[in-house]
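A short write-up of the structure that comes next.
The values are calculated or read from the model by the stated rules, or taken from the named source; none is laboratory data. Computed from a prediction, not measured in an experiment: that's the story for all the values here. So basically every Cβ, Gly included, is an ideal-geometry build from the backbone, and we count neighbours across all protein chains shown. These accessible areas exclude ligands, DNA and RNA; they are computed on the full protein's heavy atoms, side chains included. Shrake-Rupley method; radii C 1.70, N 1.55, O 1.52, S 1.80 Å.
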Amino acid sequence: MTATFFYQIIEGWAWIPLALVYWSLLGFCIYYFKGNRKLGDWFQKSKKAPFWITFTTLIGLFPLTILIMNYHLFHSVWLILSWLLFAIINPWLEEYYWRGVLFDSLLTKFPAWFAILYTTILFVISHPLMWGVFSYASQSYHLYIYLSVTGIVWAITYLKTKSLRSIILSHCIVDIGNLTVLTFLNIYIPPTM
């Protein structure tokens, strides 16, 4: 609703009020549903699972090719600052919610495979329902495939390492590489669209 309302007024810049509402709701859910767990518990040093930590990092590096081929699209300091700010804030809140609070709560009642699929499906669906209101790139089936892969890999990595440390780093690199704010403003539209 936030995206639709603000899109009518400020078009692609609706990403700002949407991000603020989304992050506030995620923050509320994290605070309210984390139980006795401390936020630092999710960011502890990873348990030994070098394959999954490496795989998570490699998955994160993939979108950097988009940045390398399109760095010339950054034509203002405001775009650069908002892009970096989004890429720093968003991964923390999303991962603490999707792979932290929600995933952990599901593991108490369901098998791991169900928690992985459930959180991944909701993570994938959330993107077009929010960002896809104003962003062509967020409506791409290529994005759904990539989000599905990263959602599964990040959930398995969290399951194996019991830490969000490498996942947040990977997510941050993804948000930098895929030019988030530029896609929200439709300055960058993937060539397959």
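Counting only alpha carbon atoms, the long axis of helix 50-61 and the longest principal axis of the chain meet at about 10°. Counting lysine pairs in the chain that sit 8 or more residues apart in sequence, or on different chains, and whose Cα atoms lie under 16 Å apart gives 9.
When each of the peptides 98-108, 142-152, 164-174, 43-53 is scored by how many other beta carbons lie within 10 Å of its residues on average, the order from highest to lowest is 164-174, 98-108, 142-152, 43-53. Figure note: 154, 113 ranked by solvent-accessible area, largest first, 1.4 Å probe, ligands and nucleic acids not counted: 113, 154.
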